[in-house]
Amino acid sequence: MPVAPLMRPMSAFDPAKPALLHDRLNDKIIPWTGELKENWLANARPHAEDVVAWDGLLFDGWDEPLGG
């Protein structure tokens, strides 16, 4: 399943910066503030090509808040 055309690949995601993440499981946008960076670094795992599993969610794309 491809990432939405306007979303950036998870390989370019920086968990230290605010972002909007797309959760493939629920087809929802999740706001990310960067506050959980350490948790992300410790627990995020590759799930499929450019899909990351974290905290019961599957993230397959991201964007900067307000389109960056």
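Count of the stretch 40-68 residues, restricted to those that are outside any strand (DSSP E or B) and in contact with a strand residue (DSSP E or B) (Cβ under 8 Å, 6 or more places away or on another chain), is 6. Considering only residues that are at pLDDT below 95 and touching a Pro at 6+ places or on another chain (Cβ under 7 Å), which ones fall in the stretch 51-68? Within the stretch 51-68, just PRO65 meets the criteria.
The set of residues from the stretch 24-68 being under 16 Å from LEU6 (Cβ atoms) and acidic (Asp, Glu) comprises ASP27, ASP50, ASP60, ASP63, GLU64.
Each residue in the stretch 37-50 was checked for being exposed (fewer than 15 other Cβ atoms within 10 Å of the Cβ) and at pLDDT 95 or above, and 8 pass.
When the stretch 17-32 is limited to residues that are closer than 20 Å to LEU66 by Cβ and surrounded by fewer than 12 Cβ atoms within 10 Å (Cβ to Cβ), the one that is farthest from the chain's Cα centre (by Cα) turns out to be LYS28. Among the residues of the stretch 1-24, those that are at pLDDT 95 or above, hydrophobic (A, V, I, L, M, F, W, C) and assigned to a loop (DSSP other than H, G, I, E, B) comprise PHE13, ALA16. Taking every residue in the stretch 43-68 that is over 20 Å from LYS17 (Cβ atoms) and without any contact (Cβ under 8 Å) to a residue 24 or more places away in the chain and pairing it with any residue that is part of a strand (DSSP E or B) and aliphatic (A, V, I, L, M), at least 6 positions away or on another chain, the pairs with Cβ-Cβ distances below 6 Å are ARG45/ALA53; HIS47/ALA53; HIS47/LEU58.
The values are calculated or read from the model by the stated rules, or taken from the named source; none is laboratory data. The structure displayed is predicted, hence computed values, not measured ones. As a convention, Cβ positions derive from the backbone with ideal geometry for all residues, glycine included, and neighbour counts pool all protein chains shown.
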